[in-house]
1. Would you mention how many residues in the stretch 128-153 are modelled with pLDDT of 90 or more and surrounded by fewer than 18 Cβ atoms within 10 Å (Cβ to Cβ)?
2. How about the stretch 207-223: which of its residues are of a type in the set (Gly, Ala, Ser) and either open to solvent by less than 40 Å² (accessible area, probe 1.4 Å) or in a helix (DSSP H, G or I) (or both)?
3. Which one of these is free of Cβ contacts under 8 Å to residues at least 40 places away in the same chain and under 21 Å from His228 (Cα atoms): Leu88, Leu80, Leu147?
4. Quick check, is Val55 modelled with pLDDT of 75 or more and surrounded by 13 or more Cβ atoms within 10 Å (Cβ to Cβ)?
5. Exactly one of these conditions fails for Gly159: (1) at pLDDT 95 or above; (2) not in a strand (DSSP E or B). Give me its number.
6. Looking only at the stretch 1-10, how many residues end up being more than 21 Å from Ala31 (Cα to Cα) and over 15 Å from the mean Cα position of the chain (by Cα)?
Amino acid sequence: VAGFYSPGFSVVRLLWADVNGRFLVPVVALATCVALAALSRSTRRSPLAAVLAAVLWASTLAHALVGVGAGLGRWELTVLPIAVVTVLLGSVVIAVSAARFPRAPLIGAVVVIVAVATVALQCLGDATWERAVSESVVFASKPFYWLPAATALEEEDPGRRVAVTAGPRQANDHWHIYPVLGRRFQHTVTYVSPTASGDIIDVVPFRPAPELDVEAWEDRLVAAGVTHVMAFSPESPELLWMREQPERFPLVVEGPDWGLYRVDG
């Protein structure tokens, strides 16, 4: 929740306000489990509690059906049944414990269950990371040319600092920056301006393009401690500069209009 309302997430939160609520779904799922545990102790005594519990279950089922209707990738078809079974078992354990045990031990049990589930999900994420980024419906109908670059960065030591760039494109969500961070967010992603002034390029029709400066860009890369540059499609000026200086920017992996390069010096 703090991340959702943080300043760094404000562009996504405000610009796509009609669809970005999906980022709060994990919080809703956790709140649903806690609410069901609390309601289970009073459903037999209170018709209202029984109605609220039924509404929560119906809402959970409706959201699941909406997700299925949106389409599932092969990765979801593997992971979703495991997640559903885990949530159901956790809910049952919490509900039964709430009816039979005092509150203090129950809170401890919930903490243990959440901790174990978190570790289990992290292990599952580590084991299926490459499948997730290549088969998930989240990336459906999007290009996957960048997957070799993301995989190559996984083989690098943690703490790499990756500068991303691309040519002008309105659908800039095709810059799949998230996989570049690594499965454990072990890398840092940044942007280094190629302009002489250091301003970020704002591609607006009928506005003069800013002056580019390769030497200033290279100096900023070094000053920022950048170890790699990921140039997404379409072709960018930085990509052309790096291809012209293979001794300064050793190639890691590339395609016709994109590439991942190491910064040497």
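1. Of the residues in that region, 3 qualify.
2. Looking only at the stretch 207-223, we keep the residues that are of a type in the set (Gly, Ala, Ser), and these are 209, 216, 223.
Within the stretch 207-223, Ala216, Ala223 qualify.
3. On the way: Leu88 fails: under 21 Å from His228 (Cα atoms); Leu80 fails: under 21 Å from His228 (Cα atoms).
Of the residues listed, the single one that is free of Cβ contacts under 8 Å to residues at least 40 places away in the same chain and under 21 Å from His228 (Cα atoms) is Leu147.
4. Values: modelled with pLDDT of 75 or more: yes; surrounded by 13 or more Cβ atoms within 10 Å (Cβ to Cβ): no.
No.
5. Failed condition: (1).
6. 2
The values are calculated or read from the model by the stated rules, or taken from the named source; none is laboratory data. What you see is a predicted model, and the numbers here were worked out from it, not measured in a lab. We place every Cβ from the backbone using ideal geometry, glycine too, and count neighbours over all the protein chains shown. Just so you know, the surface numbers come from the protein's heavy atoms only, side chains and all, with ligands and any DNA or RNA stripped out. Shrake-Rupley method; radii C 1.70, N 1.55, O 1.52, S 1.80 Å.
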